[in-house]
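The values are calculated or read from the model by the stated rules, or taken from the named source; none is laboratory data. Just so it is clear, the structure is predicted and the values come from calculations on it, not from any experiment. Cβ placement follows ideal geometry from the backbone for every residue including glycine, while neighbour counts extend to all protein chains displayed. Surface accessibility is based on the protein's heavy atoms, side chains included, excluding ligands, DNA and RNA. Shrake-Rupley method; radii C 1.70, N 1.55, O 1.52, S 1.80 Å.
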Amino acid sequence: MYYMTNTFGNANSVDHSYGDEASQAVKQARQQIAELTNASAKEIIFTSGATESINLVIQGHIQQNTPSKIIVSPVEHKAVLDTCQALAKKGLVEIIWLKVNSQAQINLEHLEKVCSDGASLLCIMAANNEVGTIYPIQKIALIAKKYNIPFLCDASQAVGKIPIHFQEWGITYLAISGHKLYAPKGIGALVIKKGYHLQPIIYGGGHQQGIRSGTLNVSGIAGLGEACHLRGLEMKRDETAIPSVSLV
Ligand SMILES: Cc1ncc(COP(=O)(O)O)c(C=O)c1O
């Protein structure tokens with residue numbers, strides 16, 4: 001609320017105190033998101049939400065690697081499925097579907113077999129938005145790494161709820177949605193592994209290393225940072241909570 005009602009500066013116009021204050025808020029939010037996801041603050045790009053983060057990865061990646069083979073879980077959110085299918089219709093990608101069982105779980109042996117044929121991107125979410133299945137992201141990232149396939153993990157339903165170790169697990173791209181962890185709607189982030197670059201899908205002033213142009217949504221970003229900070233504290237509290245003992 002403070003940043004919505006008091007901080008009117010542009011975070012990229014830092015030659016005056018209004019811009020400085022906005023820029024500091026963005027810097028702090030980057031740090032808070034990095035802490036919750038175990039990433040580096042420099043790896044974070046702000047977007048309007050997970051849909052945009054996912055589109056940026058899939059479309060931005062494909063522009064650099066056409067024709068592309070994308071390995072996709074069939075139980076991904078429509079932000080992944082429809083983006084891949086739209087690109088497939090244009091003949092820009094070939095989709096390789098993974099198998100899932102009745103609980104929407106992935107067979108890791110099948111995943112490894114499919115990855116061994118090579119691909120330019122693997123898309124598997126961290127937690128399913130329809131049935132709640134949680135995926136073994138660390139094991140999936142290991143397989144992707146073994147076959148040198150960049151890995152997009154849509155973590156919209158996981159960040160702030162279960163631990164995510166972006167760097168340690170070796171995830172390439174992590175999509176975050178603000179409103180799934182009590183931040184405002186219309187803000188999200190994409191964590192991009194150091195050394196990876198995406199072609200932009202929105203062109204403009206070259207903000208955020210030219211990957212996502214557009215004036216930053218400072219109040220939304222501050223809200224996302226604060227939500228990450230609070231979820232981090234609450235997750236720590238839940239971890240250390242003494243299990244209740246039944247006296248009956
Ligand atoms: C798993 C998953 N991915 C992506 C999205 C899209 O997120 P956003 O609304 O931030 O674009 C959602 C939102 O419902 C979701 O549950």
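Residues Glu94, Glu112, Glu43, Glu130, sorted by accessible area with the largest first, give Glu130, Glu94, Glu112, Glu43 [1.4 Å probe; ligands and nucleic acids excluded]. Below 8 Å, C-alpha to C-alpha, sequence gap of six or more: please give me the relative contact order for the chain in percent. It comes to 25 percent, rounded to a whole number.
The simple spin-label model puts a point 7 Å past each Cα toward its Cβ; for Glu239 and Asn6 those points are separated by 3.2 nm. Which values of log₁₀ I(q)/I(0), to two decimal places, follow from the Debye formula for the range 43-213 at q = 0.09 Å⁻¹ with a uniform point scatterer at every Cα? With one equal scatterer per Cα and no solvent, log10 I(q)/I(0) is -0.27. If the chain linking His110 and Leu142 were pulled fully straight, counting 0.36 nm for each residue of separation and taking away their Cα-Cα distance, it would gain 10.1 nm. In this structure Ser13 has an accessible area near 40 Å², from a 1.4 Å probe over the protein heavy atoms. Of the residues Val75, Val93, the one with the largest accessible area comes first in the ranking Val75, Val93, computed with a 1.4 Å probe on protein heavy atoms. Amide H to amide H distances under 5 Å link Met125 with Asp154, where only residues 5 or more positions off or on other chains count and H is placed in the peptide plane.
Using heavy atoms of the protein chains and a probe of 1.4 Å, the accessible area assigned to Lys69 is about 60 Å².
Let me have the relative contact order for the range 113-168, percent, based on Cα pairs under 8 Å that are six or more residues apart.
About 43 percent, as a whole number.
Within the full protein context, the accessible area of Glu109 is estimated at about 150 Å² for a probe radius of 1.4 Å.
With θ taken as phi - 60° and the Karplus curve 6.51 cos²θ - 1.76 cosθ + 1.60 applied, the whole-hertz 3J(HN,Hα) list for the range 32-49 is 5, 5, 4, 5, 5, 9, 6, 10, 9, 4, 5, 8, 9, 10, 8, 9, 8, x Hz, x standing for glycine and proline. Coupling constants for the range 18-25 follow from the phi torsions by the Karplus curve (6.51 cos²θ - 1.76 cosθ + 1.60, θ = phi - 60°), and in residue order they are 4, x, 4, 5, 5, 5, 4, 5 Hz; glycine and proline get x.
In angstrom, the C-alpha Rg and Dmax of the range 29-94 are 14.0, 40. Go ahead and estimate [θ] at 222 nm for the chain from helices alone: -39,500 (n - 2.57) per DSSP H run with n ≥ 4, summed, over the residue count, rounded to 500. -12500 deg cm²/dmol, from helical runs alone. For the pair Gln199 and Glu94, the difference between a 0.36 nm per residue extended length and the Cα-Cα distance amounts to 35.9 nm. Among Gln157, Gln59, Gln209, the residue with the largest mean-square fluctuation in a Gaussian network model of the chain, with springs joining Cα atoms closer than 10 Å, is Gln209. What residue among Asn55, Asn107, Asn128 shows peak mean-square fluctuation when the chain is described by a Gaussian network model with Cα springs under 10 Å? Checking each option, the largest mean-square fluctuation is seen for Asn107. For a paramagnetic label modelled on Asp15 (point 7 Å from Cα along Cα→Cβ), amide N atoms under 18 Å away belong, within the range 187-217, to 205-207. For the chain, a Gaussian network of Cα nodes joined below 10 Å ranks Asn101, Asn12, Asn65 by mean-square fluctuation, and the top entry is Asn101. Along the range 185-192 the Karplus relation, 6.51 cos²θ - 1.76 cosθ + 1.60 evaluated at θ = phi - 60°, assigns HN-Hα couplings of 6, x, 9, x, 8, 10, 9, 10 Hz to successive residues, with x for each Gly and Pro.
For Tyr182 and Asn65, the difference between the fully extended length at 0.36 nm per residue and the C-alpha to C-alpha distance is 38.5 nm.
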